[in-house]
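The block underneath contains the structure these notes are about, expressed in structure tokens.
The values are calculated or read from the model by the stated rules, or taken from the named source; none is laboratory data. As the structure is a prediction and not an experimental result, all values here were calculated from the model. So basically every Cβ, Gly included, is an ideal-geometry build from the backbone, and we count neighbours across all protein chains shown.
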Amino acid sequence: MNAPMMSRRDFTAGLGGLVVAFSFDPKLALAQQPTLPGSLQTNRMLDAWIRIDADGSATVSTGKVELGQGILTALAQIAAEELDLPLGRVHMISGDTGRTPNEGVTSGSQSIEYSGTALRLAGAEVRAILIDAAAKKLGVAADTLKVSEGTISGADGRKVTYGELAAALDLKREATGKVPPKPAASHMIVGTSVPRLDIPNKVTGGPAYVQDMRPAGMLHARVVRPPRPGSRLESVDEAAAKGLPGVVAVVRDGSFLGVIAEREEQAIKARAELAKSAKWTLGPPLPDSAKIYDHLLSLPTEDTVVSEKQPAALAGAPPANSAAPKMLEATYRKPYIAHGSIGPSCALAELKDGKMTVWTHSQGVFPNRGNLAVALGMKPDDVRCIHAEGSGCYGHNGADDVALDAALLARGAPGRPVRLQWMRDDEFGWEPYGPAMVMKAKGAVSDGRIVDWNYEVWSNTHSMRPEPGGVNLLAAWYLADPKKPAPPKGIPQPAGGGDRNAVPLYDFPRQRVVNRLIKEMPLRVSALRTLGAYGNVFAVESFMDELALAAGADPVAFRLAHMTDPRARAVIEAVARKADWKQDQKGGEGRGRGIGFAKYKNLATYVAVVVDVEVDRASGNVRVPHAYAAVDSGLVINPDGLVNQIEGGIIQSTSWTLKEELRFNPEGILSHDWLSYPILTMTEVPKIEIELINRPTERSLGAGEASQGPTVAAIANAFAHATSKRLRDLPLGRTRVKAALG
Amino acid sequence: MTISLKVNGAMRSVPAEPDTPLLYVLRNDLGFNGAKFGCGLGQCGACTVLIDGQPTRSCMVPLAEIGESEVVTIEGLGSVEKPHPLQQAFIAEQAAQCGYCINGMIMTAKAILDAKPHPSEEEVREGLALNLCRCGTHNRIVRAVLRAAETAGRS
């Protein structure tokens, strides 16, 4: 999602497979600049990425930010590798509108591909420039020099360090992208499980999060939200709150309401006081969560055929000499899911000398800065956003919204930093949710093969992040001078939004895949890890198993029979081996196993997952005691970091699949804490075994969202194997399971 | 008003009301970052500290209830330079993603190991069942606790 969005009319769905879309920036085209790889394309100067400091270390900048995924460690590894510096002499700066490259949003499992590629090539080029400078200084040919740990040595034993060259070094030049990076065979740092740079502070109480910032004179703030979206604040007893101890200011702008106090507990008390006296004209009622799918299907859609494949030879009739095809049809449903970060969103803002500085755990400090400036009526140059880590976000949670809230509140106490911490109910009640989805699949099997595949997906957009087309920040819609959100739109294939992974990677002679984008949003939604891929892989891979059953085929063999991509085959075969998959394994009696596969976005990491499930008929409880995964991410930068991401994805997806569903009724959102929105706990997580297939000569692929889709599918398939009942509605919670098993 | 309490072995005075939850005093007045605000409801465990050795949700304990009790935070266990075996084990197992829940995991694990130095894996899982993690780092956390138990056994 870093690339500029294309409108739907800018691309055409091609016959016979995937649609190729190119991002297009008219400014670049006009300048006739050469295309550079990764984020070098949009941030072309070497010194935007790398500075060599006088002490011989490197300061490396990235527009990507740490979200707990370990990205800064992995990017530091790449830079250190190419620069021939020890990791300890690479200092990372990330996500600062005042200092770093603009790389859009840290999302979509793209940081290694975009920022990593840029750093790899910039690093190689800076190293070459350093060697040239050393060659001049020593009066020898560059190719006689060797580099080790930031020291360049000649054949005669003379040495010059990066630090000695730093002062005269000119990196204010456009990258060429032409200096070849090191071959994988000579990697010393890349490909190793370097310990994460951020973990020591995080396990000892060191400052690690925006919540830990306490600049001198800092005030504490809280916001007061209405009972449900779209409500208007008619009146509130500001004086009562102002009379409470420590209260510095009550800030009201239209229907946005908040309070600033000297101490945090004072702000919390004042929040309660304001909430008590606030009179709201309620916004429109929400739909009922029990009837949400019917409601969504009743709304108008913007339809796009995202894949169509119908060779003439097969059109209209099944292949000659084959048995009459068996037709199947199924509808799958996925509820709204909350990001549910353990730490509610938080930001620190300061208005000083007409400039607003916001420390934020936003995934995109540049796009957020743009929206903040509009909402605050300030020039973008007068607003600076600096990334400071928050609790894990898993997509677009309240991070951007709390940044605007904090900035609005900071206007109530100019010159003093104001830290706003959302409360737990702020986060559950107001974060943008991962959208509910409906997937309808029809298929036909004949002679053990799929001869027809028809698939439709209904969903809201999966991305309403801050962007130039409108102000996608909660408080902006409630101001006295309210700002409008951007119109919702899809993300074009091949990445896709609601239709992400809606196009199966399998080879079917006939297929048609339709994306039905619902533009009206009954609930606020945006990006949750995987966007539509979780729902689509659930449906596609469940339906694969339903068709396999109809064909009398083993699920693994059936998948392989329809798969030509060798890397996809390799992960399916590897996970089957690892899990000791047997063709004739008996399910039933509450125990079963299932497989799920996807190549994330059809562009990134390949993952196949096998899980075992146990179903307790009496209670309806579903357990996943074991999960196995095989993973191909191309060249692996940090094996342990990759395993951590894949494991995390499997566990999070298991939680979504077994437990999670946002509850609401016409009055408002009913999920407001961990009791009304339970997640998987320590005694319920599967044991996990992972096999990495490292491919040093292939480019690195994003992996942060790769295992969630295959996991839900494997669980759904294992459930069917265990019970002989197919559940097509998520989550597989006790009530639903008990009802299904009668 | 001013209230005194003993944190990590030292007497401290804070300018707070008696009904102030301990968490805010630890974080804002005493500068301890370890205990985290997660829910303010005692449901997630991110704010866990030890009070007289018992794992306690500091978001739910008013200052007035501390009295003579001893509060130990994760800063009281060890530091980056001199980590406690549990902290060392969490680093060795790379048992964190975002890390926001880890304070509660380590402090609860401390109490588990104090009560039973060599727990089984199931006992560790049961003991940490009320501490929520959202990134899916659970299995690494369990491995880290078991590793710490083993390390302590050897020393």
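Examine region A:177-190 for a residue that is buried (at least 19 other Cβ atoms within 10 Å of the Cβ), touching a residue at least 60 places away in the same chain (Cβ under 8 Å), within 11 Å of chain B (Cβ to nearest Cβ) and not acidic (Asp, Glu), and state whether such a residue exists.
Scanning region A:177-190, I find no residue that is buried (at least 19 other Cβ atoms within 10 Å of the Cβ), touching a residue at least 60 places away in the same chain (Cβ under 8 Å), within 11 Å of chain B (Cβ to nearest Cβ) and not acidic (Asp, Glu), so the answer is no.
Kindly establish whether B:ALA35 is assigned to a loop (DSSP other than H, G, I, E, B), within 9 Å of chain A (Cβ to nearest Cβ), in contact (Cβ under 8 Å) with a residue 60 or more places away in the chain and crowded, with 24+ Cβ neighbours inside 10 Å.
Considered against the rule, which asks whether it is assigned to a loop (DSSP other than H, G, I, E, B), within 9 Å of chain A (Cβ to nearest Cβ), in contact (Cβ under 8 Å) with a residue 60 or more places away in the chain and crowded, with 24+ Cβ neighbours inside 10 Å, B:ALA35 comes out as yes.
If only one of A:ASP288, A:ASP303, A:ASP294, A:ASP237 is farther than 20 Å from A:ARG416 by Cα and without any contact (Cβ under 8 Å) to a residue 24 or more places away in the chain, which one is it?
Testing whether each residue is farther than 20 Å from A:ARG416 by Cα and without any contact (Cβ under 8 Å) to a residue 24 or more places away in the chain leaves just A:ASP294.
Quick one: would you say A:ALA270 is buried (at least 22 other Cβ atoms within 10 Å of the Cβ), within 14 Å of another protein chain (Cβ to nearest Cβ), out of contact with any His (no Cβ under 9 Å at 6 or more places or on another chain) and modelled with pLDDT of 95 or more?
When the stated conditions are applied, A:ALA270 passes them.
Hey, among the residues in region B:55-105 that are over 25 Å from B:THR151 (Cβ atoms), assigned to a loop (DSSP other than H, G, I, E, B) and among the polar types (S, T, N, Q), which one's farthest from the other protein chains (Cβ to nearest Cβ)?
By that ranking, first place goes to B:SER69.
Are any of the residues in region B:1-14 within 11 Å of chain A (Cβ to nearest Cβ), surrounded by 22 or more Cβ atoms within 10 Å (Cβ to Cβ) and either modelled with pLDDT of 95 or more or farther than 29 Å from A:ILE651 by Cβ (or both)?
No: region B:1-14 contains no residue that is within 11 Å of chain A (Cβ to nearest Cβ), surrounded by 22 or more Cβ atoms within 10 Å (Cβ to Cβ) and either modelled with pLDDT of 95 or more or farther than 29 Å from A:ILE651 by Cβ (or both).
What are the pairs, 6+ residues apart or on separate chains, where a residue within region B:47-75 that is under 25 Å from A:GLY343 (Cβ atoms) and among the aromatic types (Phe, Trp, Tyr) has its Cβ under 6 Å from a residue that is at pLDDT 95 or above and in a strand (DSSP E or B)?
The qualifying pairs do not exist here.
If I ask for residues that are under 23 Å from B:ALA96 (Cβ atoms) and among the charged types (D, E, K, R), which ones from region A:629-658 would you list?
Selection gives A:ASP640, A:GLU647.
With respect to A:TRP453, determine if the residue is within 14 Å of another protein chain (Cβ to nearest Cβ), farther than 25 Å from A:PRO287 by Cα and either without any contact (Cβ under 8 Å) to a residue 40 or more places away in the chain or of a type in the set (A, V, I, L, M, F, W, C) (or both).
So A:TRP453 does not fit the description; no.
In this structure, does A:ALA166 turn out to be small (Gly, Ala, Ser), surrounded by fewer than 17 Cβ atoms within 10 Å (Cβ to Cβ) and either modelled with pLDDT under 95 or more than 29 Å from A:ALA604 (Cα to Cα) (or both)?
Taking the combined requirement at face value, the residue does not satisfy it.
Of everything in region A:621-640, what is buried (at least 24 other Cβ atoms within 10 Å of the Cβ) and of a type outside the set (Val, Ile, Thr)? Give them in sequence order.
A:ALA627, A:TYR628, A:ALA629, A:ALA630, A:ASP632, A:SER633, A:ASN638 - these are the residues of region A:621-640 that are buried (at least 24 other Cβ atoms within 10 Å of the Cβ) and of a type outside the set (Val, Ile, Thr).
Residues in region A:548-561: is at least one under 17 Å from A:VAL503 (Cβ atoms) and not assigned by TED's automatic domain parsing to the domain that holds A:TYR394?
yes
Is it fair to say A:PHE508 is in a loop (DSSP other than H, G, I, E, B) and of a type in the set (Phe, Trp, Tyr)?
Yes: the conditions hold for A:PHE508.
Could you list, in sequence order, the residues of region A:194-215 that are assigned to a loop (DSSP other than H, G, I, E, B), of a type outside the set (A, V, I, L, M) and within 8 Å of chain B (Cβ to nearest Cβ)?
A:PRO195, A:ARG196, A:ASP198, A:THR204, A:GLY205, A:GLY206, A:PRO207, A:TYR209, A:ARG214, listed by residue number.
For region A:156-174, check the following and say yes or no: at least one residue is part of a helix (DSSP H, G or I) and touching a Lys or Arg at 6+ places or on another chain (Cβ under 6 Å).
no
Tell me whether region B:96-110 contains one or more residues that are more than 17 Å from the chain's Cα centre (by Cα) and of a type outside the set (Phe, Trp, Tyr).
Yes, because at least one residue in region B:96-110 is more than 17 Å from the chain's Cα centre (by Cα) and of a type outside the set (Phe, Trp, Tyr).
Residue by residue through region A:620-677, note down the ones that are aliphatic (A, V, I, L, M) and closer than 25 Å to B:CYS39 by Cα.
Passing the criteria: A:ILE650, A:ILE651, A:LEU658, A:LEU662, A:ILE669, A:LEU670, A:LEU675.
So, of the residues in region A:543-569 that are among the small types (Gly, Ala, Ser) and in contact with a Phe, Trp or Tyr (Cβ under 6 Å, 6 or more places away or on another chain), which turns out to be surrounded by the fewest Cβ atoms within 10 Å (Cβ to Cβ)?
The selected residue is A:ALA568.
Would you point out which residue out of A:ASN472, A:ASN501 is within 16 Å of the chain's Cα centre (by Cα) and either of a type outside the set (Gly, Ala, Ser) or not in a strand (DSSP E or B) (or both)?
A:ASN501
With respect to A:ALA48, determine if the residue is closer than 26 Å to A:GLY702 by Cα and crowded, with 18+ Cβ neighbours inside 10 Å.
yes
Name every residue in region A:384-401 that is more than 13 Å from chain B (Cβ to nearest Cβ) and part of a helix (DSSP H, G or I), in order of residue number.
Residues satisfying the conditions are A:ASP400, A:ASP401.
Return the total of residues in region A:678-706 being not in a loop (DSSP other than H, G, I, E, B) and either not assigned by TED's automatic domain parsing to the domain that holds A:ASP632 or not acidic (Asp, Glu) (or both).
4
Among the residues of region A:70-92, are any part of a loop (DSSP other than H, G, I, E, B), in contact with a helix residue (DSSP H, G or I) (Cβ under 6 Å, 6 or more places away or on another chain) and modelled with pLDDT under 95?
yes
Those residues that are within 25 Å of A:PRO731 (Cβ to Cβ) and buried (at least 24 other Cβ atoms within 10 Å of the Cβ), I need them from region A:442-457; list them, please.
Listed by number, the residues that qualify are A:GLY443, A:TYR455, A:VAL457.
I'd like the residue in region A:240-258 that is within 35 Å of the chain's Cα centre (by Cα) and without any contact (Cβ under 8 Å) to a residue 60 or more places away in the chain and, out of all such residues, is surrounded by the most Cβ atoms within 10 Å (Cβ to Cβ).
Of everything passing the filter in region A:240-258, A:LEU257 is surrounded by the most Cβ atoms within 10 Å (Cβ to Cβ).
Determine, yes or no, whether A:LEU675 is surrounded by fewer than 23 Cβ atoms within 10 Å (Cβ to Cβ), assigned by TED's automatic domain parsing to the domain that holds A:ALA714 and in contact with a Pro (Cβ under 8 Å, 6 or more places away or on another chain).
Answer is no for this residue.
So which residues in region A:433-463 are among the small types (Gly, Ala, Ser), assigned to a strand (DSSP E or B) and farther than 30 Å from A:HIS672 by Cβ, if there are any at all?
Of everything in region A:433-463, those that are among the small types (Gly, Ala, Ser), assigned to a strand (DSSP E or B) and farther than 30 Å from A:HIS672 by Cβ turn out to be A:ALA441, A:GLY443, A:ALA444, A:SER446.
Of all residues in region A:683-719, how many are in contact with a Leu (Cβ under 8 Å, 6 or more places away or on another chain), modelled with pLDDT of 95 or more, of a type in the set (A, V, I, L, M) and surrounded by 22 or more Cβ atoms within 10 Å (Cβ to Cβ)?
So the answer is 3.
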